[in-house]
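**Q** Mind looking over this structure? Questions follow.
The values are calculated or read from the model by the stated rules, or taken from the named source; none is laboratory data. Please read all numbers here as calculations on a predicted model, not as lab measurements. Counting neighbours? That spans all protein chains shown, and the Cβs are built from the backbone with ideal geometry, glycine included.
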């Protein structure tokens, strides 16, 4: 006889609130439609816990269990300092808590370390984001028994990395499916100027974040565009109160929004309301282009990008070489955008697949895979 604990599915969220909407809707979908299957989400922090509770509420899945790690593991997290350094101690705690579970499902690749702690039952990965870069952590995909991705782009990339195609399933972009019926955003500014969404990546080696103050200064000197500076949340995850205050001081009411840690970084408020995207390597580009619009990329490291597949997205807009030509490049991108609309639509389809209904497809595909494992 199979006990409830042995049938439990444990969804692990140790990477931050920005990963929640890529997987939590699947957990809620299973809990709502298959109440005989215990579904348990384990979160690393309060903001992640709150975000999953909201998914549970909106998808009407009251049976979805949500907990945080033990006090001991939370102490280890605080001692580790940076969120990234805290992940492995958290996984050790989660391995113990989930020792009788049927499977562990995670939206990030650090959970591959569960194999170090002796986890031998199914370990499943749902990819968060759909960008073009190939981080070193891609090599960890081989630790997972099954990998669910948004579209064909991720399948092709994983196969090139040596992952067997049989372990890969495209289900569509779950975050967009979840938000399309729930998100309604008003105007960000009380004027008719176009809104530029500046979204630098957190990885300083490929990001334009080092130029961000100069870029913001150029927007402060003009009156043609509004600006939203909303970098990847990990860009400032270890920034202290004084540093946050210094960035927030760059805002200008009615003209420039500075947002480095609010829920709007995750719920596509800025993605949906902006007129122009300005960034570098974030996969939020493709979320933005799900409705084709002008895009500009800041080449902060003077890379030779044109033939590099990690910069495939840069072919979907204009490329600025520094802060001084950002505004002119935006002007040009707006003027020439019509010619890029077909290419943008094709790139989004390649990245996201058919995202309508992807939450249900992801849940059904996960259960089908587990029945085979």
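**Q** Starting from residues that are in contact with a helix residue (DSSP H, G or I) (Cβ under 8 Å, 6 or more places away or on another chain) and surrounded by fewer than 18 Cβ atoms within 10 Å (Cβ to Cβ), keep the ones in region 189-210 and report whichever is modelled with the highest pLDDT.
**A** For region 189-210, the residue satisfying everything is 194.
**Q** If you don't mind, there's one more thing I want to ask. Of 287, 245, which residue is touching a residue at least 24 places away in the same chain (Cβ under 8 Å) and part of a helix (DSSP H, G or I)? Walk me through it before giving the result.
**A** Working: 245 fails: touching a residue at least 24 places away in the same chain (Cβ under 8 Å).
Unique residue meeting the criteria: 287.
**Q** If you take the residues of region 147-158 that are over 20 Å from residue 346 (Cβ atoms) and modelled with pLDDT of 90 or more, which of them is surrounded by the most Cβ atoms within 10 Å (Cβ to Cβ)? Give the derivation first.
**A** Initially, region 147-158 is screened for residues over 20 Å from residue 346 (Cβ atoms), giving 147-148, 158.
Subsequent filtering for residues that are modelled with pLDDT of 90 or more retains 147-148.
On the way: 147: 21, 148: 28.
Checked region 147-158; the qualifying residue surrounded by the most Cβ atoms within 10 Å (Cβ to Cβ) is 148.
**Q** Within region 313-341, which residues are outside any helix (DSSP H, G or I), surrounded by 13 or more Cβ atoms within 10 Å (Cβ to Cβ) and free of Cβ contacts under 8 Å to residues at least 60 places away in the same chain?
**A** Listed by number, the residues that qualify are 317, 318, 319, 320.
**Q** Which residue out of 349, 345 is assigned to a helix (DSSP H, G or I) and within 18 Å of the chain's Cα centre (by Cα)? Reasoning before the result, please.
**A** Values: 345 fails: within 18 Å of the chain's Cα centre (by Cα).
On inspection, the qualifying residue turns out to be 349.
**Q** Mind listing whichever residues of region 124-146 are surrounded by fewer than 21 Cβ atoms within 10 Å (Cβ to Cβ) and modelled with pLDDT of 90 or more?
**A** Across region 124-146, the qualifying residues are 143, 145.
**Q** Of the residues in region 159-181, how many are within 29 Å of residue 272 (Cβ to Cβ) and in contact with a strand residue (DSSP E or B) (Cβ under 7 Å, 6 or more places away or on another chain)?
**A** If we filter region 159-181 for residues that are within 29 Å of residue 272 (Cβ to Cβ), which is where we start, we get 169-181.
This time we only want the ones that are in contact with a strand residue (DSSP E or B) (Cβ under 7 Å, 6 or more places away or on another chain), so: 169-171.
Matching residues across region 159-181 total 3.
**Q** Test each condition in (1) under 20 Å from residue 290 (Cβ atoms); (2) part of a helix (DSSP H, G or I); (3) within 19 Å of the chain's Cα centre (by Cα) for residue 310 and report the one that comes out false.
**A** (1)
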